[in-house]
């Protein structure tokens with residue numbers, strides 16, 4: 001029965017995909033559209049495996065799409081990808097975020113006090129003085145943006161009459177609580193049998209932003225890696241400010257007492273005096289500490305000759321780690337968020353490359369950290385993630401980071417980041 005369903009979906013997917021794939025991709029790939037709001041297409045459940053699509057693949061991969069029910073998760077869509085070694089869950093309902101990634105006993109994720117994937121319809125971003133975003137915050141990776149991200153507060157904008165007006169900016173923007181308008185699965189039928197989950201998230205408003213995010217999460221069967229490739233486009237006829245920050249959140253087994261953040265650091269500055277007081281240990285982690293206030297560090301990183309950099313979070317034993325590699329031309333700023341509170345309160349650290357630091361847009365604009373897109377202009381962002389197991393892999397990654405740094409010095413600022 002599943003094979004029959006798959007055959008029907010394959011035929012339907014190709015007919016719907018002509019605007020998304022090249023002719024070569026359409027011939028050489030399995031392609032199914034799960035959601036397309038313009039064409040009123042929606043597939044609620046789907047389960048496909050290597051036996052259906054790539055019978056010659058040596059790894060038993062699968063992709064399973066389903067809908068959650070009950071409580072505040074009612075109606076949340078999840079796409080579970082298992083590449084035969086590594087598995088991760090993409091959440092189209094929540095801006096194409098990733099709930100977690102798991103390989104054996106190594107997990108990228110955390111145990112938030114917020115349980116279950118919360119449907120955006122239950123989130124009021126304006127509650128608690130603009131901190132309502134936190135009521136759904138529990139994914140491993142959630143994007144912040146697109147019109148703005150950072151701390152809540154007020155800022156100016158031009159209203160529909162062409163005059164300056166004030167607006168309330170909520171914590172980390174809207175994209176993480178916006179359902180995808182289009183979702184599709186693409187699987188290459190020939191080696192290396194790449195699996196791609198693509199989605200489009202629209203952040204648009206009359207007399208406001210007209211921003212479009214196309215994201216792709218891709219992995220190869222049997223690998224310990226995956227890639228996120230995003231493109232943000234300004235669909236307006238006028239210039240538009242924008243921003244994106246990748247809020248990647250880690251807890252056990254990587255974050256623990258004695259864990260270490262390793263990066264080719266050029267400069268580290270605390271976001272406030274509480275953070276600046278401990279700047280010399282910005283890269284070290286303590287165990288759960290009741291009553292400890294979060295600390296945030298704003299980093300600039302060294303890169304290689306291709307403008308690529310890499311960071312790593314490893315456990316205390318240095319036998320488990322995760323790395324992130326990206327271009328500092330695309331994502332020039334990096335935030336380290338340390339929240340070593342008790343486990344039940346959300347013991348977690350955030351490693352966050354972005355187009356700016358995690359402060360209110362009105363502040364970041366003063367320092368030139370709010371980029372703009374010309375009419376119909378696009379910007380692309382790519383991050384490569386790897387899960388590492390064993391001291392040899394962790395040591396090799398540390399060596400790669402040391403090569404990027406190439407002996408260049410790190411500056412640790414004793415004063416916090418200026419706001420004026």
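Nothing in this text is a laboratory measurement; each read-out follows from the coordinates by a stated rule. Being a predicted model, the structure only gives us computed values, none of them experimental. Every residue, glycine among them, receives a Cβ derived from its backbone with ideal geometry; neighbour counts consider all protein chains shown.
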Note to self: Would you calculate the convex hull of the Cα atoms in the range 290-420 and tell me its volume per residue in Å³?
What the structure shows: 166 Å³
Notebook entry, point to check: Given the range 203-275, what whole percent of its Cα pairs are spread farther than 21 Å?
Noted result: 59 percent
Margin query: As an exercise, use a Förster radius of 22 Å and the Cβ-Cβ distance of residue 128 and residue 272 to find the FRET efficiency, rounded to the nearest 0.05.
Written below: 0.65
Margin query: Could you tell me the relative contact order of the chain? Use alpha-carbon pairs under 8 Å, at least six residues apart, and round to a whole percent.
Written below: 15 percent
Notebook entry, point to check: So what does the Cα-only Debye profile of the range 259-310 read at q = 0.15, 0.17 Å⁻¹, as log10 I(q)/I(0), no solvent term?
Noted result: -0.49, -0.60
Next item on the list: With label points built 7 Å along Cα→Cβ from the Cα atoms of residue 163 and residue 379, find their separation and express it in nm.
Entry: 3.1 nm
Checklist line | Over 24 Å [Cα-Cα, the range 19-117], rounded percent | finding: 33 percent
Next item on the list: Could I get the Rg over Rh figure for the chain? Both from C-alpha atoms, Rh via Kirkwood, rounded to two places.
Entry: 0.96
Notebook entry, point to check: Just from its helices, what would the mean residue ellipticity at 222 nm be for the chain, if runs of 4 or more DSSP H residues each count -39500 (n - 2.57) and the sum is divided by every residue, rounded to the nearest 500 deg cm²/dmol?
Noted result: -3500 deg cm²/dmol
Margin query: Ranking request for peptides 233-239, 334-340: highest mean number of other beta-carbon atoms within 10 Å first, then the rest in descending order.
Written below: 334-340, 233-239
